[in-house]
Amino acid sequence: MILYKQIFKVLFLLAFLAACEPKTGVATSLATEVKITDSWVRENAPGQSVGAAYMTLNSPQDSTLVYVETSVASSVEIHSMRIENNVMKMRMLEELSLKAGKPEKLAPGGLHLMLFDLKTPLKAGENAAFKLCFKDQAGNITHQNVTLPIKPAS
Ligand SMILES: [Cu+2]
């Protein structure tokens, strides 16, 4: 009987710890959380294997966007875009620096997240899950999960 009680106690404790873990994770990341607004994924044309996602990132402290992944594409790159001699040119950035309190806008015609090798067509009205990894000045990496709505291009 006593043994049963002890096993029960241990199981209860494990369940309690498991339930607590995500909460503490959220609590610690809250202090340094980057505010992500105006986020969306562009609906893609049939047959297109690449896509683009946009958002405004506002970090409370100097930090760097170092890595992005998504449920809808095999890989994600941070791109800048500019017009040179009437030709649109995109360039891959290894990372994107965020200044404390200064919103960094990823929007059509400028910075964007380029999605390569789409796993599924991007249809307006659906959602896409993204994970963004930020590195703070001390080198600590934090992850943030966001769900982006897919919207028509215009
Ligand atoms: Cu691009």
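Brief remarks follow.
- Residue within segment 61-76 that is within 11 Å of the ligand (Cβ to nearest atom) and in contact (Cβ under 8 Å) with a residue 12 or more places away in the chain present: yes
- Of all residue pairs spaced 6 or more apart or on separate chains, none has beta-carbon atoms under 8 Å together with a first member in segment 37-52 that is at pLDDT below 90 and a second member that is within 13 Å of the ligand (Cβ to nearest atom).
- The condition (being loosely packed, with under 13 Cβ neighbours inside 10 Å and of a type in the set (D, E, K, R)) is satisfied by just one residue among 136, 117: 117.
- In segment 31-57, the residues that are within 16 Å of the ligand (Cβ to nearest atom) and part of a strand (DSSP E or B): 40, 41, 42, 51, 52, 53, 54, 55
- Residue in segment 66-73 that is closer than 15 Å to residue 150 by Cα and aromatic (Phe, Trp, Tyr) present: no
- The residues in segment 84-109 that are among the small types (Gly, Ala, Ser), modelled with pLDDT of 95 or more and within 13 Å of the ligand (Cβ to nearest atom) can be counted, and the count is 1.
The values are calculated or read from the model by the stated rules, or taken from the named source; none is laboratory data. Everything quoted here is computed from the prediction, not taken from an experiment. Note: ideal-geometry Cβ built from the backbone for every residue, glycine included; neighbour counts use all protein chains shown.
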